[in-house]
Structure formats: structure tokens, C-alpha cells
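Since the structure comes first, as C-alpha cells, the remarks are kept for the end.
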Amino acid sequence: MRKIIVIVTFLFGFLTLARSNDQVTCTIEALAYENEMKYQDIINFINKEKLDIDEISYPDVYVFAYSWLNTPYRYGGNSKNGIDCSRFVMKMYNDVLGIPTNGTSREIFNKGNTIDKSQLQEGDLVFFRTRGNSVSHVGVYLQDNKFVHSSTSKGVVVSSLNEPYWQRTYYKSARFFEANPF
């Protein structure tokens, strides 16, 4: 009897995982269609960045990130012609996550609930001191120490918190909502 319970529990867990993965891929496919993008291009982006599709809670974040990739950096910019880091975060939070956000990276930082770097979850914000002693840069955490942001030198890109520059300039992280996938 115990063996049957273990097998049923294992199968239920596997089916739940498969359903979750199917739900993520279906959501990505629907969002790609809605935004007139190619589904396979988004999947290729996720794979290229070595992100785990099984760990995605907010597919909208990845579709949004992909749609803005390589947009040039422009201080005060708010469009595909150019966008700065805080406006990129505001657009993602306002348009994708439905969380009203505005202000500079420093002002946004002051509104969040500070969390330890080890507690980072998808959608949390990572803040950096790239100029002096105050917060001057912000990005959106994805997973596996990766975050998406509008870099002054490369535009909108995915970077790793493990890169020496980001390790050196990392300041703190903040959460603005509790993760509640689907």
C-alpha cells in the first residue's frame, strides 16, 4: 500500500510539473501572438540566456524583456527609440505586472521592501551604485542571478549578477509584491 501511495504521489507531482510547464509555454505562445512576435524567437531567447522555462512564474516578464532587447539607452527615454533603466522598470511593472511605479532608480528603491540577495525571486528589483554612494541603476531580476535592464552602454540586455562589474556595484534588492504565479 505504501508503495502505491509513493508512486501515485510521484505521478501527481510529475503531472503537475508538466501542466505547469505547458501553461507557461501556452502563455508565452499566446503573448507572442498577441504582440506579433514569433514564439520560437522568445523560446530561443530563454534558452540562449540559459533560463529555465520550468522556473518561470511570470511569462509576461520574459516576453516583455525579449520585446525590448537591444533598445538603446537614452536618459529620460520612454520608447523603443531609447529608454533609461528606471523607465524600463516602470514600464514593466506598470504594463506587465500591474504595479504602479514611478520615479528614478533611487526613488523606486525607497518605495520597496528590502530583501537579502539570497531571497531574490522573479520580478524583484536589483539596485546598483554605479556612480558614487547613492542608488543610480535598477534592473528586474529573472532567475539564476540574471536580470534585465537598460544598460548605458548596451541598451536593454540580460546581465548576470556574477559579472565582476555588477558584483562590485550591487547595492541591495527590493520586493514590491509577493510572488503568486498564475
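Structure values in brief
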item: Considering only the chain, percent of DSSP beta bridges that pair antiparallel, nearest 5; result: 95 percent
item: Cα Rg, Dmax (largest Cα-Cα span) when computed across the chain, Å; result: 17.8, 65
item: For the range 70-177, with +1 on Lys and Arg beta carbons and -1 on Asp and Glu, the positive-most of PHE147, LEU125, ASN110 along the dipole; result: ASN110
item: Extreme residue, positive dipole direction of the chain, given options ASN44, PHE64, TYR170 (C-beta unit charges); result: TYR170
item: Average Cα contact separation per residue, the chain, under 8 Å, 6 or more apart, as relative contact order %; result: 19 percent
item: Lysine pairs in the chain with Cα atoms under 15 Å, if 8 or more residues apart or on separate chains; result: 8
item: Net length gained if the chain between ASP144 and ILE99 were fully extended (0.36 nm per residue, minus Cα distance); result: 13.9 nm
item: Highest-fluctuation residue, ILE99, ILE56, ILE83 considered, GNM on the chain with Cα pairs under 10 Å; result: ILE99
item: Between 0 and 90°, nearest 10: helix 39-48 axis offset from the chain longest Cα axis; result: 80 degrees
item: Estimated FRET transfer efficiency (ASP52, GLU107; beta-carbon r; R0 22 Å; 0.05); result: 0.10
item: 0 to 90° range, to nearest 10: angle between helix 59-68 axis and the chain longest Cα axis; result: 40 degrees
item: Shape category assigned to the range 13-120 from the gyration tensor of Cα positions, a/c cut at 1.5; result: oblate
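Where a number appears in this text, it was derived from the coordinates with a stated rule and is not lab data. Computed from a predicted structure; not experimentally measured. Glycine gets a Cβ as well: all are built from the backbone with ideal geometry, and neighbour counts include every protein chain shown.
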